[in-house]
1. Just from the alpha-carbon atoms, what are the Rg and Dmax of the range 56-152 in angstroms?
2. Could you give each residue of the range 78-94 its phi-based ³J(HN,Hα) in whole Hz, using Karplus coefficients 6.51, -1.76, 1.60 with θ = phi - 60°, and x for Gly or Pro?
3. To the nearest 20 debye, what charge dipole does the range 48-110 have about its Cα centre, counting +1 at the Cβ of each Lys and Arg and -1 at the Cβ of each Asp and Glu?
4. Please list, ordered by chain and number, the residues whose modelled amide H lies under 5 Å from the amide H of Ala44; skip anything fewer than 5 residues away on the same chain.
5. Can you list the HN-Hα couplings for the range 103-118, worked out from phi with the Karplus curve (6.51, -1.76, 1.60; θ = phi - 60°), rounded to whole Hz and with x for Gly and Pro?
6. Would you mind working out the magnitude of the charge dipole of the range 44-149 relative to its Cα centre, with +1 at each Lys and Arg C-beta and -1 at each Asp and Glu C-beta, to the nearest 20 Debye?
7. Taking neighbour counts of Cβ atoms within 10 Å as a proxy for exposure, in what order, fewest first, do Glu113, Glu53, Glu41 appear?
Amino acid sequence: MRSFARLARPARRTALPVLAALLGALLAGCGSGISLDEPIEGPAWRLVQLGDEPIAPGSEAQLQFDRSSGRVSGSGGCNRISGTFTRSGSTLKIGQMASTRMACLDPARGANEAQFIAALQSTASYSLAGPGRLALLDARGRTVALLNSGGR
């Protein structure tokens, strides 16, 4: 019986660090702000805030990320926009955006579109700020744009 107890001791010493490492990895995933239940690819994301400023109702600015092609497309509010994106964990890099060149009849809408495209270009990461809420963050972790999916 004594020899079995001696054999079991090394297994306990090995199992404890392995369990601690697994628990740490699970907890790190929980704190990342990324929900595996709601990927950013797929839904249309409607712009609701640029920096600290809410967007007026009726804005048509929105985005949609397509995982299979690595493309992002949508509307800046006046013009169609498209580009590429790469995502790894919470890191999000949006490539150079292309846009149609239609004039905005509303100067405020045109200014919002320019700010939106600049916010996209400065995006370094993202977080899901609740169900159906996507926050685009710059390299300092500041929210540059907030978008909602669906009818939210």
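1. Cα-based Rg and Dmax for the range 56-152 come out at 13.0, 39 Å.
2. Values per residue, Gly and Pro as x: 10, 10, 6, 10, 7, x, 10, 8, 10, 9, 9, x, 9, 6, 9, 10, 9 Hz.
3. On the way: 7 positive and 5 negative charges, 75 e Å.
The calculation lands at about 360 debye.
4. Gly150
5. Rounded to whole hertz, the list is 6, 7, 6, 9, x, 5, 5, x, 5, 4, 4, 4, 5, 5, 5, 4.
6. 340
7. Details: Glu113 23, Glu53 9, Glu41 13.
Starting with the residue having the fewest Cβ neighbours, the order is Glu53, Glu41, Glu113.
Where a number appears in this text, it was derived from the coordinates with a stated rule and is not lab data. The structure presented is a predicted model; accordingly, all values stated were derived computationally and were not measured. Cβ: placed from backbone, ideal geometry, glycine included. Neighbour counts: every protein chain shown.
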